[in-house]
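Step one of this worksheet: look at the structure below.
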Amino acid sequence: MKIPQLSIFAENKPGHIAAPCRILAENRIDIRALSVADTQHFGILRIIVSDPKRATEVLEAAGYVVKPTDVLAVEVEDRPGGLAKILSAFERTTINIEYMYAFPFGHGERAVLIFRFDDPDAAAQALQAAGISLVAKHELFEH
Amino acid sequence: MTLPSPDRQLTYHPASAPDFVPTPLLRKLQLERVQAIVAHATERVELFRQRMQSRNLAPTDIKSLDDVGRLPFTTKADLRDTYPFGLFATSMRDVVRVHASSGTTGKPIVVAYTKQDVEVWTSVMVRSFAACGLHEGDIVQNAYGYGLFTGGLGAHYGAEGIGAAVIPISGGNTDRQIMVLKDFGATAICCTPTYFLHLIDRAAQLGVDFKALPLRVGVFGAEPWTESMRRHIESATSIQAFDIYGLSEIIGPGVAIECPCHDGLHIFEDHFYPEIIDPDTGAVLPDGQEGELVLTTLSKWAMPMIRYRTRDITALIHGPCTCGRSLRRMRRIGRRSDDMLIIRGVNVYPSQIEAVLLEVEGTLPHYQIILTREHGLDQVEVQVEVTAQVFSDRVGTLEALEEKLADTLERVLGIRIKITLVEPQTIQRSEGKAKRVIDKRGQT
C-alpha cells in the first residue's frame, strides 16, 4: 500500500521547479500530486508520478539528485472531522508525521492526503487498525 | 600507508637507479652543477648578471652548497617583466621547444628548452613513472592538456620513455575519456586530481564501474590536493594514486614524485636543488621546517632558474625513506602562499574548507568559494552541490547539513561562512586546474 514519492532538490530561483516538470512532460510521465517545501535558499519538490522508475532515470540523466521515499495515501471524507478522524489513529502511538499534503481526487469531489511518516509500515498498521483504508497507487492514476 | 614489500623492492625499475645515488656523491654532483649553471646564467642572462654584480658576487664565490643561499632570488614577476624571451640563456638556434603558462593575470610566462633540456625532462618523467610502478606494457591515458601547458608533452615523453603505450587524449571531452579508458584498457592515467574526480562522477552516471577496469595507477598533479582526496579516489576506484609535482618555470611535471610509500615526494635533486625559506624574510630554513619552496635548476641550459620562488608551502623531510631512495622528500603541497585568502583579517586556505566538506559529507562534493565585499566587510559564501548521499526529502535534514557545515567551518577557521546548497552540475567543471575561488571583492 506504500506509494513511491520522488523528491528533487531545487534552488529557490525562478524556473527551477519548472525545469524538472518539463523533463517529465517530455517523457510523457504523469504527475499526480506535487508539493514544494521551501526555505529561504532552497526547495524540495516532492512528486507522485505514474512511472517513478522511468522518472528517476530521466531526471538523473539530466543531472538531478532524486530521492525515492515511501509515502501513504489516505482518502479523506469531505466533511467536518474528516481529517481529525485520521489523525486520531496516531494519538496513542509514537509514529511521527514528517509532513503531509493534500490533492483533489476523482472529479474534484474527493480529496487524498499524502503522509510521509518516519515509519510508514507502523503507520499503515495503525491506520488499518483504526478502520481507515489506504489508497493504492493504481487508484491514484485511475481517471 | 602501503609499504613496499621486500618482493617489490626487488622489482625496482632500472630507470630509478639515479634515485639511489649515495648522498655524499649527490651533494658533490649538485655543487659541480650549481657552479656550472650559475656561471652560465651570469654570462648569458642580463638580469641575473646585474643582480650578481649588485651583490658583489661572482660565480666562483659558490664554494659550497651553503653558498647557494647567497644568490639572488628569481620570481614570477621577473619572468613577466622579461616577457617573452628575456631570461633565455641560449640563442634560439639551440632552443628546440618553448612552453608558456596560462597567466591568470596579464601576459603568460614563457619557458625554453634545448635538446639536452628536453632529454633531462624526459629522464625525470621516466623516473617519476618508474617510482609509480609503471613499465613496458602499461597503457597510459594522458589526459593532461597538450599544447603550451607543460603537463601534456611532459607526461607524454616520460610515458613513451619508459616504454609504455601512450594514449595522447589530452584534456576534456569527459565521455570520450571514459569510453577510451574502458575500451583501450588503460592501466594508468595522468590528469589533475579534480578532473579525475569529475571522471569518477561521470563514469558513475554512465554506469561504468571504475573498479572493474584494468586501471591501477593514477598520476595526479598540477594543483594541490589532499590526503582525503586520495582516500576518496582510491576507495572509488582500484587505483593507487600518486602525487607528482612540477612547474613550468622549473621544467614542467617531474620535479618531484611520490614513491609507493606515499610519505612525501622525492625531489629529483640531481637536477633541481631545493631550499625552504621563510617567505617573509627570505632566510633559509633547516630541513623539517615549513616554508616556501625555492628551486634552482642544475641542468637546464636554455633557461636556468636560480633560486626560483615557487610560492608553494612545504617542508623538506629529514631522514631516509623506506623505499631507499636517497633523494630528499618534501611534504606534499597543501597550499600555496598565494592561495591564501585573507577574509576579515583571518588567513583561510581553500584546502581547509575542502577538508571540512569531506569530513562532514563523507565524500568531496563539488564546491566553490565566492568572496564579495558588502559595506566594506568581506563576505564568504561556499556553494556546495547537493549529492545523492546527503540529499533528503526532509527540509530539516538539509538545514541541519548546512548548519553542521557552517559550524565545523567556524570551528576550523574561526569565522562564520555562509553555506549555500546548490543543484548538482551547476558549478563549472574543470578540465584542467579547478577554479575553486571566485574573488569578486575588487568589483564591489
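Quick note: the coordinates plus some simple rules give every number you see, no bench work behind them. Computed from a predicted structure; not experimentally measured. We place every Cβ from the backbone using ideal geometry, glycine too, and count neighbours over all the protein chains shown.
Principal-axis analysis of the Cα atoms of chain B puts helix B:227-236 at an angle of about 60° to the longest axis. Note on segment A:3-69: percent of Cα-Cα distances in each 5 Å bin, starting at 0 and stopping at the bin with the largest distance, equals 4, 18, 33, 28, 13, 4, 0. Quick check: Cα centre of segment B:109-157 to Cα centre of segment B:76-94, how many Å? Taking the Cα centre of segment B:76-94 as reference, the centre of segment B:109-157 is 22 Å away. Of all DSSP beta bridges confined to the protein assembly as shown, the antiparallel ones make up roughly 75%.
With r defined as the distance between the Cβ atoms of B:Glu403 and A:Thr94 and R0 fixed at 35 Å, what FRET efficiency is calculated, to the nearest 0.05?
Details: r = 26 Å, r/R0 = 0.74.
Computed FRET efficiency for B:Glu403 and A:Thr94 comes out at 0.85.
Amide H contacts of A:Phe42 (H built 1.01 Å from N, in plane; Pro and chain starts excluded): A:Asn12 sit under 5 Å, all sequence-distant by 5 or more or on other chains. Take every pair of alpha-carbon atoms less than 8 Å apart whose residues are at least six positions apart; their mean separation over the length of segment B:119-254 yields a relative contact order of 26 percent. Karplus-derived 3J(HN,Hα) values for segment A:64-78, using 6.51 cos²θ - 1.76 cosθ + 1.60 with θ = phi - 60°, are 7, 8, 10, 10, x, 9, 8, 10, 10, 10, 10, 7, 10, 6, 7 Hz; glycine and proline are entered as x.
Below 8 Å between Cα atoms, with a sequence gap of 6+, how large is the relative contact order for segment B:31-76 in percent?
Details: 23 pairs, mean separation 17.0, N = 46.
After rounding, I find 37 percent.
On average, how many beta carbons from a partner chain sit within 10 Å of the beta carbon of a residue in A:65-72? Don't jump to the answer; show the numbers that get you there.
Details: counts 10, 2, 6, 1, 3, 0, 1, 0.
Mean number of neighbouring Cβ atoms from other chains: 3.
The GluC sites (Glu not before Pro) of segment B:119-167 that meet both conditions, a loop assignment by DSSP and at most 11 other Cβ atoms within 10 Å of the site Cβ, are B:Glu136.
Viscosity 1.306 mPa s, temperature 10 °C: give me the Stokes-Einstein translational D for segment B:118-226 in µm²/s, with Rh taken as the Kirkwood radius over C-alpha pairs. Show your work: numbers first, answer last.
Numbers: Rh = 13.8 Å.
Diffusion coefficient, whole number: 115 µm²/s.
Considering every alpha-carbon pair of segment B:341-439, the percent of pairs per 10 Å bin, from zero through the bin containing the longest distance, is 14, 50, 30, 5.
Inter-chain neighbour count for B:384-394: the average number of beta-carbon atoms from partner chains within 10 Å of each residue's beta-carbon is 5.
Check which residues have an amide H placed less than 5 Å from A:Asp119's amide H, if you skip close sequence neighbours. Here A:Asn96 satisfy the definition. When the label point is put 7 Å from the Cα of A:Phe103 along its Cα-to-beta-carbon vector, which residues of segment A:11-47 have a backbone N closer than 13 Å? Hits in segment A:11-47 for A:Phe103 at 13 Å: A:21, A:25, A:29-36, A:45-47. Counting neighbouring beta carbons within 10 Å and listing from fewest to most, the residues A:Glu77, B:Glu292, A:Glu11 come out as A:Glu77, A:Glu11, B:Glu292. Largest mean-square fluctuation among B:Thr192, B:Thr42, B:Thr281, in a Gaussian network model of chain B whose springs join Cα atoms under 10 Å apart, belongs to B:Thr281.
Note on segment A:71-137: Cα-only Rg and Dmax are 11.4, 35 Å.
Compute the long axis of helix B:115-131 from its Cα atoms, compare it with the longest principal axis of the Cα atoms of chain B, and write down the angle in degrees, 0 to 90, nearest 10. The angle comes out near 50 degrees. Within chain A, the longest segment free of exposed loop sites, counting trypsin sites (Lys or Arg not before Pro) that fall outside DSSP classes H, G, I, E and B and have at most 10 other Cβ atoms within 10 Å, spans A:29-91. Centre-to-centre, using Cα atoms only, segment B:305-339 and segment A:19-33 are separated by 55 Å. Counting each DSSP H run of 4 or more residues in chain B as -39500 (n - 2.57), what helix-only mean residue ellipticity at 222 nm follows after dividing by all residues, to the nearest 500 deg cm²/dmol? Mean residue ellipticity at 222 nm (helix-derived): -9500 deg cm²/dmol. Relative to its Kirkwood radius, the Cα radius of gyration of the protein assembly as shown gives an Rg/Rh of 1.09. Normalised by the number of residues in segment B:341-439, the mean separation of alpha-carbon contacts (under 8 Å, six or more apart) gives a relative contact order of 32 percent. Ordering B:Trp121, B:Trp301 by the number of other Cβ atoms within 10 Å of each residue's own Cβ, fewest first, gives B:Trp301, B:Trp121. Rounded to the nearest 0.05, what FRET efficiency do B:Lys115 and B:Ala58 give with R0 = 41 Å and r taken as the Cβ-Cβ distance? Could you check? About 0.90, to the nearest 0.05. Where both partners of a DSSP beta bridge lie in segment B:341-439, what percent of those bridges are antiparallel, to the nearest 5? Among the beta bridges of segment B:341-439, antiparallel pairing accounts for roughly 60 percent. Legend: mean number of C-beta atoms from other chains within 10 angstrom of residue C-beta atoms, peptide A:36-42, equals 4. Distant-in-sequence amide contacts of B:Lys418, defined by a placed amide H-H separation under 5 Å and a gap of 5 or more residues or a different chain, comprise B:Val380, B:Val382. Counting beta carbons within 10 Å around each of A:Glu139, B:Glu258 and listing the fewest first gives the order A:Glu139, B:Glu258.
Between A:Phe141 and A:Arg54, the simple label model (points 7 Å from Cα in the Cβ direction) yields a spacing of 0.8 nm. With a Förster radius of 56 Å applied to the beta-carbon distance between A:Ile31 and B:Ser337, the computed FRET efficiency rounds to 0.55.
Taking θ as phi - 60° and the Karplus parameters 6.51, -1.76 and 1.60, the scalar couplings of segment B:396-411 work out to x, 5, 6, 5, 5, 5, 4, 5, 5, 4, 5, 5, 5, 5, 5, 5 Hz in sequence order, x denoting glycine and proline.
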